[in-house]
Amino acid sequence: MLSLTWLVEDRGYPFARAAMLAGVMAVAAGILGNLAGGMFADWCSSRFRNGRLWSLAAMTAFFTPIGLVFYSLAPGTPIFFLCWFLTSAATSVWFGPLFAAIQELSPTHTRSTMIAFALLCINLLGVGPGPLITGMIGDAHGLTLGLLSSLGVVALAVPAFAIAARSPAPSV
């Protein structure tokens with residue numbers, strides 16, 4: 001996820017411009033990411049067993065290198081803005097496919113509980129400590145390294161999704 005602090009301190013943007021650009025980018029890319037992620041997951045689901053899990057593996061494998069390029073580029077170039085847009089889309093692309101996969105894999109009578117548990121885990125393990133740890137790395141070694149490190153953690157999801165997708169689909 002993009003940090004305004006990174007744009008201001010590491011990339012030299014004035015705060016007001018960084019905030020405006022980040023807001024516009026988040027809204028436009030967030031909407032497109034949600035829609036594209038859902039459509040891609042539905043497409044994969046119609047073609048592959050455990051297709052939604054495969055879509056999560058594929059999207060994570062696709063977007064992670066783009067994030068690496070984005071955090072490494074000089075600001076203000078067209079490729080910087082394209083990578084920024086795609087990296088911003090990546091922050092929302094997984095919502096629909098993940099929760100659809102959880103519902104597909106859960107027995108009917110436990111689906112709401114499984115979604116609630118997944119949200120608890122996402123928040124306790126990712127949304128909560130993720131920015132804290134990224135910031136701690138950033139304070140010690142620079143925010144660019146902190147953000148790149150967070151992408152390393154994201155990349156670990158690719159094999160996890162692929163292993164889950166290869167598992168037999170449960171009979172629900």
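The values are calculated or read from the model by the stated rules, or taken from the named source; none is laboratory data. Computed from a predicted structure; not experimentally measured. Please note: Cβ atoms are built from the backbone with ideal geometry, for glycine as well, and neighbour counts cover all protein chains shown. Ligands, DNA and RNA are excluded from the accessible area calculation, which covers all protein heavy atoms including side chains. Shrake-Rupley method; radii C 1.70, N 1.55, O 1.52, S 1.80 Å.
Taking region 94-139 as the range and being farther than 29 Å from W43 by Cβ and hydroxyl-bearing (S, T, Y) as the test, only T134 passes. The one condition from (1) more than 18 Å from the chain's Cα centre (by Cα); (2) over 25 Å from L145 (Cα atoms); (3) hydrophobic (A, V, I, L, M, F, W, C) that A16 does not meet is (2). Does any residue of region 106-126 turn out to be surrounded by 13 or more Cβ atoms within 10 Å (Cβ to Cβ) and touching a residue at least 24 places away in the same chain (Cβ under 8 Å)? Within region 106-126, one or more residues are surrounded by 13 or more Cβ atoms within 10 Å (Cβ to Cβ) and touching a residue at least 24 places away in the same chain (Cβ under 8 Å).
If you filter region 82-105 down to residues that are free of Cβ contacts under 8 Å to residues at least 24 places away in the same chain and farther than 30 Å from R11 by Cβ, you find that the one that is most open to solvent (accessible area, probe 1.4 Å) is Q103. Among the residues of region 138-158, write down those that are under 18 Å from the mean Cα position of the chain (by Cα), farther than 15 Å from F70 by Cα and free of Cβ contacts under 8 Å to residues at least 60 places away in the same chain. Of everything in region 138-158, those that are under 18 Å from the mean Cα position of the chain (by Cα), farther than 15 Å from F70 by Cα and free of Cβ contacts under 8 Å to residues at least 60 places away in the same chain turn out to be V153, L156.
Test I79 against the criterion of being under 27 Å from H141 (Cα atoms), without any contact (Cβ under 8 Å) to a residue 12 or more places away in the chain and in a helix (DSSP H, G or I), and give yes or no. Yes: the conditions hold for I79. Annotation: A74 fulfils all but one of (1) outside any helix (DSSP H, G or I); (2) aliphatic (A, V, I, L, M); (3) open to solvent by less than 40 Å² (accessible area, probe 1.4 Å); the unmet one is (3). Scanning region 9-27 for residues that are part of a helix (DSSP H, G or I) and either of a type in the set (S, T, N, Q) or open to solvent by less than 50 Å² (accessible area, probe 1.4 Å) (or both) yields a total of 6.
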